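Down below is the structure, laid out as structure tokens.
What follows is calculated from the coordinates using simple rules that are stated; it is not laboratory data. The structure displayed is predicted, hence computed values, not measured ones. Using ideal geometry, Cβ is built from the backbone for each residue, glycine included, and neighbour counts are taken over all protein chains shown.
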Amino acid sequence: MAQKQNQNELWAWIKAIGFAIIFTMGIRYFIFSPVVVEGASMMPTFENGDKVIVNKVGPKISSYQRFDVIVFKANEEENYIKRIIGLPEDHIAYKDDVLYINGKAFEEPYLIKYKEALLDKGDFTYDFTLEDQLGEMIVPEGHFFVLGDNRRRSIDSRDQKVGFVAQHEILGTAGFVLWPFDRIGSTH
């Protein structure tokens, strides 16, 4: 009888551990996933080596918003992390370091510290329009125009290799630094 009780207890532990593993994998695959930031294109928001949590569910429940930070499939080997600037049907332009969306100036408070730290005091974001960069007047339906926060050192939608990001290529939003511990917390 003691052997039967030990077998039942062992089986209960195996089921509990198996359930915990499946539950954890499900959360990681369907809801949240850690991603390591590579490069300096999102500084100062995210730095090289930061481990961030990607929320895969939130944007599927609601829609992506302007200025959300997203992770998307750039190519077969790489995912990029960038900020949504242009939504479908938006016209995007930069003039004299000011963002214009559909002709209206927008502030970008997440860039203030970085702009102030510039040694040369030149433009942080060079002048451009969608027409100049990508040959389009507006962001196509089902796509987004994205930029890195470190505008001088970012490969983003201004580059023909990236261009507009299709919604189906987006893995989720990133807004929480998990590592290193001295930077842990939300970036919003």
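Side notes on the structure shown:
- Of residues in region 143-170 being assigned to a helix (DSSP H, G or I) and of a type outside the set (S, T, N, Q), the one surrounded by the most Cβ atoms within 10 Å (Cβ to Cβ): 151
- All positions within region 102-139 that are farther than 20 Å from residue 150 by Cβ and within 20 Å of the chain's Cα centre (by Cα): 139
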